[in-house]
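Rule-based calculations on the coordinates, nothing more; no lab input. Bear in mind that the values here come from a model prediction, so they are computed numbers and not experimental data. Neighbour counts are summed over all protein chains in view; Cβ atoms, including those assigned to glycine, are modelled from backbone coordinates with ideal geometry.
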Amino acid sequence: MIKALKREFSALLDDPWQLALISYIPLLSIIGLWLLFSAGLPRQLPVAVVDLDNSQVSRSLARQLQANPVTKPVSYSELSSAEAAMKQGEVYALLVLPYGLNRDLLTAKTPIIDIRYNSQFLLVGKLLSSQLLATMADGLKPLGELKLLAAGVSPERVAVNLSPVSSQTTALFNRNTNYVGFLVPPVLIALLQLLAMMVFANSLNRELRWNTTKQWYELGLWKVIAAKVLFYTPLVLLHGSFILALIYLFLELPIAGSIAVILLAQTVMLLAVWLMVLTIFFALKDSARVISFCTAMFAPAFAFMGVTFPVHEMPILAQWWRVIMPTSHYIETHIAVVSYGQGLLASLSQMTGYWGFLLLLIPIAVLAKKDFPVTEESELCTLVKEQ
């Protein structure tokens, strides 16, 4: 085993791309993604406003929208130009104040205020939808109070008639609706899984490029695989520790449980990733195809975590895809530890959901017995190393 570990270390020093993958590339990626969400809450999102009524009420509603820190109204004279701006991504939502809005409100009719938003931007669309509805309701409330008072309703009952049922929303785990604590951990974990896949796949593909697969059987196939797992798991786990330190120690975001439990969950997640990469590698035995297939499988992992979209609303195929993603199992433990303070025993019980990945050892053992193809590239690399 010591010889196999020394072999991995020597190969790492001779591979600049692998050195980059385990050193500065993850750090730059993690910091870059954090900077994208560092604002915490979206501000001044452009919203197209088409005022077809041009009355005192419509202008008051536009000013109400201007006062909202989340929205930035952009006036358009025609609906077609506003729709074109929305399709081109210049604005994220569209608000149409219809002609006759003031008249219909005064004559007890029900005007229709058209609100549209781009649902392709899941979080932005949801945020703008709620903010536009709340802003319009607040802007129309004074007019509703005047109508009720004019109709002879007592001032004590005006508020009850306008809002017969009052609601209060109290956030338990994200009180400031900060997107850093909500989005950054799963995004960075999805990035960590992708980087881990590339590190391990590149380590395996190097054997094909350098035509050193025969050494696997000389040293012992499972011994070489175990050496790769023992060598790269701590290195990738260091970046996972950096993510946790950045979020919960440096940024001081609230955490109810123990970081040690989360690190254990990350370790199990990495082992599941290694098994998936090994299965794909021994099935394809082609460096380009291995990277392409693994990237296509792991790249959309964030969408399947169930953080931005409820799992039970996903199509059946998407739910199956989610089951084979190690990050989907990890994020459940992460949220339980961070938000609910889940302990070690409960987390270990939750991690039993990874048992299915152990079944991959069967195809790995079968596929590993087949010979590796010797390509012209690997033959050339062998000649160069001999010279």
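For PRO185, what is the net charge nearby, where nearby means another residue's Cβ is under 15 Å from its Cβ and Lys, Arg count +1, Asp, Glu -1?
Cβ neighbours under 15 Å give a net charge of -2.
In degrees from 0 to 90, rounded to the nearest 10, what is the angle of the helix 179-209 Cα long axis to the longest principal axis of the chain?
With rounding to tens, the tilt is 20 degrees.
Order of 272-283, 248-259, 225-236 by packing, highest average Cβ count within 10 Å first?
272-283, 225-236, 248-259
Two decimals is fine: what is log10 I(q)/I(0) at q = 0.13, 0.24, 0.25 Å⁻¹ for region 243-330, from a Debye sum with one equal scatterer on every Cα and no solvent?
Log-scaled intensity ratios, in q order: -0.58, -1.17, -1.20.
For the chain, what is the calculated [θ] at 222 nm in deg cm²/dmol (nearest 500), taking -39500 (n - 2.57) for each run of four or more DSSP H residues and dividing by its residue count?
Rounded to the nearest 500, it is -20000 deg cm²/dmol.
Can you classify region 322-362 as rounded, prolate or oblate using the Cα gyration tensor, where a ≥ b ≥ c are the square roots of its eigenvalues, rounded means a/c under 1.5, and otherwise it's prolate if a/b beats b/c and oblate if not?
In terms of gyration-tensor shape, oblate.
Excluding residues on the same chain fewer than 8 positions from LYS87, give the lysines whose Cα lies under 18 Å from its Cα.
Within the straight-line limit of under 18 Å, LYS87 reaches these lysines: LYS72, LYS126.
If you put +1 on each Lys and Arg Cβ and -1 on each Asp and Glu Cβ, how big is the dipole of the chain around its Cα centre, in Debye rounded to 20?
Charge dipole, the chain, about its Cα centre: 400 debye, nearest 20.
What FRET efficiency would be calculated for the residue pair LYS126, LEU230, taking the C-beta separation as r and a Förster radius of 45 Å, to the nearest 0.05?
0.55
Quick one: angle between helix 287-298 and the longest Cα principal axis of the chain, in degrees between 0 and 90, rounded to 10, please.
Between helix and principal axis, roughly 30 degrees.
Treating cross-link reach as a plain straight distance, find the lysines whose alpha-carbon is under 30 Å from the alpha-carbon of LYS370, omitting any fewer than eight places away in the same chain.
Partners within reach: LYS3, LYS6, LYS214, LYS223, LYS228, LYS285, LYS385.
Given contacts defined as C-alpha pairs under 8 Å and at least six residues apart, what's the relative contact order of the chain, whole-number percent?
17 percent
Give me the angle, in degrees from 0 to 90, between the Cα long axis of helix 2-13 and the longest principal axis of the Cα atoms of the chain, rounded to the nearest 10.
Its long axis makes an angle of about 60 degrees.
Can you give me the three principal axis dimensions of the chain from its C-alpha atoms, in Å, biggest first?
95, 48, 38
At a Förster distance of 41 Å, what's the computed FRET efficiency of GLU313 paired with GLU218, Cβ-Cβ distance as r, to 0.05?
Taking R0 as 41 Å, the efficiency between GLU313 and GLU218 is 0.20.
If one computes the Cα centroid of region 308-374 and of region 70-129, what distance in Å separates the two points?
Between the Cα centres of region 308-374 and region 70-129 lies a distance of 42 Å.
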